[in-house]
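The values are calculated or read from the model by the stated rules, or taken from the named source; none is laboratory data. Bear in mind that the values here come from a model prediction, so they are computed numbers and not experimental data. Here the Cβ positions follow ideal geometry from the backbone for every residue, glycine too, while neighbour counts run over all protein chains shown.
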Amino acid sequence: QVQLVESGGGLVQPGGSLTLSCAASRSIFSILTMGWYRQAPGKQRELVATITSGGNTNYVDSVKGRFTISRDNAKNTMYLQMNSLKPEGTAVYYCNRDSNHLLPWGQGTQVTVSS
């Protein structure tokens with residue numbers, strides 16, 4: 001079973017930047033289409049960005065042009081570069097497969113956008 005560990009969150013002012021990391025415990029990660037999800041307080045978890053094993057990416061409209069998803073298959077690691085952060089970006093961010101067959105969720109990493 002693949003284990004996922006997210007890191008890199010923190011407190012940032014509006015307009016600031018953060019880079020999140022997702023480390024997977026097994027090399028099978030490299031063949032999976034992966035995604036970054038977020039869950040804001042009182043809201044459902046949403047998928048905000050995806051990346052295929054070959055590096056094709058897709059984003060939800062609300063983050064297009066500001067977030068960049070990437071992966072390093074040799075390191076079993078995925079990243080989310082977040083620029084021009086907005087207060088509505090405050091959430092716990094998780095990584096997982098982009099699939100109906102999800103892996104066990106990690107603990108997530110908290111991102112708080114506030115002045």
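For region 22-51, what are the residues that are within 14 Å of the chain's Cα centre (by Cα) and more than 17 Å from LYS75 (Cα to Cα)? Reasoning before the result, please.
Narrowing region 22-51 to residues within 14 Å of the chain's Cα centre (by Cα): 22-24, 33-40, 45-51.
Across region 22-51, the qualifying residues are TRP36, TYR37, ARG38, GLN39, ALA40, ARG45, GLU46, LEU47, VAL48, ALA49, THR50.
For ARG45, state whether it is surrounded by 14 or more Cβ atoms within 10 Å (Cβ to Cβ) and within 15 Å of GLN110 (Cβ to Cβ).
On the way: surrounded by 14 or more Cβ atoms within 10 Å (Cβ to Cβ): yes; within 15 Å of GLN110 (Cβ to Cβ): yes.
Criteria met by ARG45.
From the list SER99, SER21, SER25, SER17, pick out the single residue that is at pLDDT 95 or above and loosely packed, with under 14 Cβ neighbours inside 10 Å. Spell out the reasoning first.
Details: SER99 fails: at pLDDT 95 or above; SER21 fails: loosely packed, with under 14 Cβ neighbours inside 10 Å; SER25 fails: at pLDDT 95 or above.
Just a single option satisfies the conditions, and that option is SER17.
What residue, among those in region 68-87 that are assigned to a strand (DSSP E or B) and touching a residue at least 24 places away in the same chain (Cβ under 8 Å), is nearest to SER27 (Cα to Cα)?
Step one: of region 68-87, the residues assigned to a strand (DSSP E or B) are 68-72, 77-82.
Pick out the ones that are also touching a residue at least 24 places away in the same chain (Cβ under 8 Å) and you get 69, 71, 77-82.
Working: ILE69: 19, ARG71: 13, THR77: 10, MET78: 12, TYR79: 16, LEU80: 19, GLN81: 22, MET82: 25 Å.
Taking the candidates together, the pick is THR77.
In this structure, is GLU88 exposed (fewer than 14 other Cβ atoms within 10 Å of the Cβ), among the acidic types (Asp, Glu) and closer than 26 Å to SER115 by Cα? I'd like the intermediate steps shown before the answer.
Numbers: exposed (fewer than 14 other Cβ atoms within 10 Å of the Cβ): yes; among the acidic types (Asp, Glu): yes; closer than 26 Å to SER115 by Cα: yes.
Taking the combined requirement at face value, the residue satisfies it.
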